[in-house]
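Structure record follows, encoded as structure tokens.
The values are calculated or read from the model by the stated rules, or taken from the named source; none is laboratory data. Here the structure is a predicted model, which is why all the values come from computation and not from measurement. Glycine gets a Cβ as well: all are built from the backbone with ideal geometry, and neighbour counts include every protein chain shown.
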Amino acid sequence: LYALCDKDHPIAFESMQFDQPVISMAVEPKQVKDQERLLDNLTKITDEDPTFKFAVDEDTGQVVISGMGELHLEVLAQRLKREFSLGVNTGKPQVVYRETISKKAQIETVFDREWAGEMHFAGITAEVSPMERGKGSQFVNKVSDPLMTEEFINSVEEGIKEASESGVLMGYPVIDVETTLLDARVKELVSSPLAFKIVASMAYKEACELASPLLLEPIMKLEIIVPEEFVGDVISDLHTRGGRIEQITA
């Protein structure tokens with residue numbers, strides 16, 4: 001972010017960081033003809049609220065909205081009706097899970113088959129290892145073979161990125177994993193970017209299965225202020241919802 005200032009002496013401010021959505025649900029207009037209006041109005045809301053996101057499922061065509069909680073999404077659905085005169089039907093909220101791994105794993109994978117009338121070959125040795133929570137995922141290349149061109153390396157990274165969008169446990173995105181390309185096998189004339197993209201995706205899935213995959217639930221930290229006579233009821237309610245109380249102060 002930049003302030004209004006002399007272009008030769010810019011004043012930069014630290015960017016704002018926002019939490020990622022933790023719950024999603026499907027939404028659709030009550031009248032089919034309002035589908036475009038729904039997308040336009042959701043876009044306006046995302047411009048105003050950085051903790052709100054929406055996407056159109058490529059397979060089902062459903063519009064899925066995501067936010068910080070059930071109340072957040074309910075308020076947004078009410079806004080569509082109140083501010084934009086757009087009635088909507090909503091589906092059951094679903095928690096946004098993520099997947100990761102808990103230990104290192106190394107795998108050697110080869111792709112060698114005919115595809116669209118041509119032979120394609122690629123072989124790689126890769127290692128996946130867990131990263132600190134919240135650090136994100138990254139790709140590291142340790143192959144120096146001149147036959148392993150930049151195009152092939154980029155294809156490996158692309159294959160890993162696509163594979164990480166659907167984990168091996170329940171199909172949720174995989175986060176906080178470092179993938180290292182340790183070795184590669186190239187055959188002139190038959191190795192191709194497509195083959196390296198496919199073999200990288202295969203290797204990533206196989207390695208994650210060996211690396212003790214974990215399902216991650218979103219955790220939010222909050223402070224509750226409540227009259228003393230209701231403390232017991234609130235604590236009981238938090239326990240039934242899986243909450244963990246860290247501190248109680250008078």
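Any residue in segment 37-52 that is in contact with a strand residue (DSSP E or B) (Cβ under 6 Å, 6 or more places away or on another chain) and outside any helix (DSSP H, G or I)? Taking every residue of segment 37-52 in turn, at least one turns out to be in contact with a strand residue (DSSP E or B) (Cβ under 6 Å, 6 or more places away or on another chain) and outside any helix (DSSP H, G or I). Against the list (1) within 25 Å of the chain's Cα centre (by Cα); (2) acidic (D, E); (3) not in a loop (DSSP other than H, G, I, E, B), the condition D233 fails is (1).
Is there a residue being assigned by TED's automatic domain parsing to the domain that holds V190, among the acidic types (D, E) and closer than 15 Å to F196 by Cα anywhere in segment 125-145? Within segment 125-145, one or more residues are assigned by TED's automatic domain parsing to the domain that holds V190, among the acidic types (D, E) and closer than 15 Å to F196 by Cα. Yes or no: Q94 closer than 21 Å to T51 by Cβ and polar (S, T, N, Q)? Against the criterion (closer than 21 Å to T51 by Cβ and polar (S, T, N, Q)), Q94 qualifies.
Considering segment 232-250 alone, what residues qualify as being under 13 Å from K221 (Cβ atoms) and loosely packed, with under 10 Cβ neighbours inside 10 Å? Result: R244, E246, Q247. From the list T149, T109, T90, T125, the one residue that fits, being more than 18 Å from the chain's Cα centre (by Cα) and modelled with pLDDT under 90, is T90.
Is it the case, given these coordinates, that K187 is at pLDDT 95 or above and of a type in the set (K, R)? The answer is no for K187.
The criterion of at least 2 residues that are surrounded by fewer than 16 Cβ atoms within 10 Å (Cβ to Cβ) and without any contact (Cβ under 8 Å) to a residue 60 or more places away in the chain is met by the following strands (runs of 3 or more DSSP E) wholly inside segment 75-166: 105-115, 138-141.
Against the numbered list (1) free of Cβ contacts under 8 Å to residues at least 24 places away in the same chain; (2) at negative phi, L216 comes up short only at (1).
Taken as a whole, the condition of being over 30 Å from D183 (Cβ atoms), of a type in the set (S, T, N, Q) and out of contact with any Lys or Arg (no Cβ under 8 Å at 6 or more places or on another chain) applies to S236.
Which count do you get for residues in segment 204-223 that are surrounded by 12 or more Cβ atoms within 10 Å (Cβ to Cβ) and either at pLDDT below 90 or part of a loop (DSSP other than H, G, I, E, B) (or both)? Residues in segment 204-223 being surrounded by 12 or more Cβ atoms within 10 Å (Cβ to Cβ) and either at pLDDT below 90 or part of a loop (DSSP other than H, G, I, E, B) (or both): 3 in total. Every listed requirement among (1) modelled with pLDDT under 90; (2) within 30 Å of A211 (Cβ to Cβ); (3) surrounded by 16 or more Cβ atoms within 10 Å (Cβ to Cβ) is met by M25 save one, (2). Of the residues in segment 1-22, not one is closer than 25 Å to M68 by Cβ, hydrophobic (A, V, I, L, M, F, W, C) and touching a strand residue (DSSP E or B) at 6+ places or on another chain (Cβ under 6 Å).
Apart from one condition, F84 fits all of (1) of a type in the set (F, W, Y); (2) in contact with a strand residue (DSSP E or B) (Cβ under 6 Å, 6 or more places away or on another chain); (3) more than 24 Å from D19 (Cβ to Cβ); the exception is (2).
Scanning segment 195-203 for any residue that is without any contact (Cβ under 8 Å) to a residue 12 or more places away in the chain and surrounded by fewer than 20 Cβ atoms within 10 Å (Cβ to Cβ) turns up nothing.
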